[in-house]
Amino acid sequence: MLRSTAFRLIGIMLSLLLFTGCAGAVEEPDEPGLLLGFSQIGSESAWRIGNTRDIENSAEEYGISLMLENANQNQENQIDAIRRFIAYKVDVIAFSPIVEDGWDNVLMEAKEAGIPVVLVDRDIRTEKEGLTTCLIGADFYNEGVMAGQYLIRKADELGLEEVNIVEITGTQNSTPMEQRQAGFADTISSDPRMHILESIDGDFIKSRGAECMRYLLETYGEEIDVVYSHNDEMTLGALPEIEKTSMIPGKDIIIISIDAGQEAIDVLKDGRINCVVECTPNLGDELMEIVFKLKNGEEVEAVIHPTEQVFSDEMDVNSIAPRGY
Ligand code: GYE
């Protein structure tokens, strides 16, 4: 990318003019330098808000100018944002794809423009190879495995003979939804006590978690032994619904969540849920390191997974440090 600073400045000034009026849609870089365009999915959860904040902070620390767009849970908005980043001639494009499919065309455009693309958090499925350089995000399959392993240990501890599970899943066709489901299902499938009564789409959103839980309680009532929820937001939506019945969450119903944000850790400490698998939103530093490497034409790793742990009633929950998201 052999553009002069003057060209960059003109580009930024033109874009400032272009985007005036789209209140809140774009945060403009305030000085020319290494420019990263990042399309975030939305603000659906504490995880997502923590992830956005972390990327903003890291960009500042690393001295990288950030154009951040929030897609408000809409894939079309993400595609439009990526097209704007291309028009802007950013140095690197990063995005967290809301779903796995439908990215081929826009990513071909980025490739033709010579702009490297980094996936943050979630993966994609493309027909063509080589449209992205690197994925920085959690091993969602392993998160599902850790949730399943906890449940097997808990069933052993309680001496359960039959375990009826309801699953509230994340957004359909998204990587965390598919992998958290698969890792969990594969882990419990060898245990004849385990039965999944139903998996239902909660879209990673609190109000949907509550709605799904109401439906599941109406349909299966006291048959439910376990709620496996793909994120904290849906878990926090489901909890009060269980508490409206005579069943006590954390005791009569085993609750397993994923993310391990502060609110979920607080309800774990209260004994209202039993297990939270960590999914860290702190991916900003890794992203900035990759941006520098790409800019310098260096090789980058294809996949970077952070290390994650499990928080549960098997440990001294009061020793859990503040989570920061
Ligand atoms: O678990 C959820 C968020 O993709 C890992 O998306 C992320 C998930 C996270 O909204 O809370």
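Of note:
- Residues in the range 54-86 that are outside any helix (DSSP H, G or I), of a type outside the set (Gly, Ala, Ser) and open to solvent by less than 50 Å² (accessible area, probe 1.4 Å): 5 in all.
- Checking Ile242 against (1) of a type in the set (A, V, I, L, M); (2) in contact with a Pro (Cβ under 6 Å, 6 or more places away or on another chain); (3) open to solvent by 10 Å² or more (accessible area, probe 1.4 Å), the condition it does not meet: (3)
- Residue that is nearest to the ligand (Cβ to nearest atom) [pool: residues in the range 40-52 that are open to solvent by 20 Å² or more (accessible area, probe 1.4 Å) and within 16 Å of Gly137 (Cα to Cα)]: Ile49
- Options Gly221, Gly209: the member that is assigned to a helix (DSSP H, G or I) and at positive phi: Gly221
- Residues that are within 14 Å of the ligand (Cβ to nearest atom) and without any contact (Cβ under 8 Å) to a residue 60 or more places away in the chain, drawn from the range 54-73: Asn70, Ala71, Asn72, Gln73
- Helices (runs of 4 or more DSSP H) contained entirely in the range 87-196, each with at least 3 residues that are closer than 30 Å to Leu236 by Cα, of a type outside the set (D, E, K, R) and more than 17 Å from the chain's Cα centre (by Cα): 140-158, 175-188
- Near pairs, Cβ below 8 angstrom, 6+ apart or cross-chain, from the range 214-233 (in the same structural domain as Trp47 (by TED's automatic domain parsing)) to any residue that is of a type in the set (Gly, Ala, Ser) and more than 16 Å from the ligand (Cβ to nearest atom): none
- Selection within the range 172-204 - in contact with a helix residue (DSSP H, G or I) (Cβ under 6 Å, 6 or more places away or on another chain), open to solvent by 20 Å² or more (accessible area, probe 1.4 Å) and within 14 Å of the ligand (Cβ to nearest atom): Gln179
- For the range 126-161, the candidate set comprises residues that are over 30 Å from Met108 (Cα atoms) and open to solvent by 60 Å² or more (accessible area, probe 1.4 Å); within that set, the residue that is farthest from the ligand (Cβ to nearest atom) is Glu161.
The values are calculated or read from the model by the stated rules, or taken from the named source; none is laboratory data. Because the structure is a prediction, the values reported are computed rather than measured. So basically every Cβ, Gly included, is an ideal-geometry build from the backbone, and we count neighbours across all protein chains shown. Accessible surface areas use protein heavy atoms only, side chains included; no ligands, DNA or RNA. Shrake-Rupley method; radii C 1.70, N 1.55, O 1.52, S 1.80 Å.
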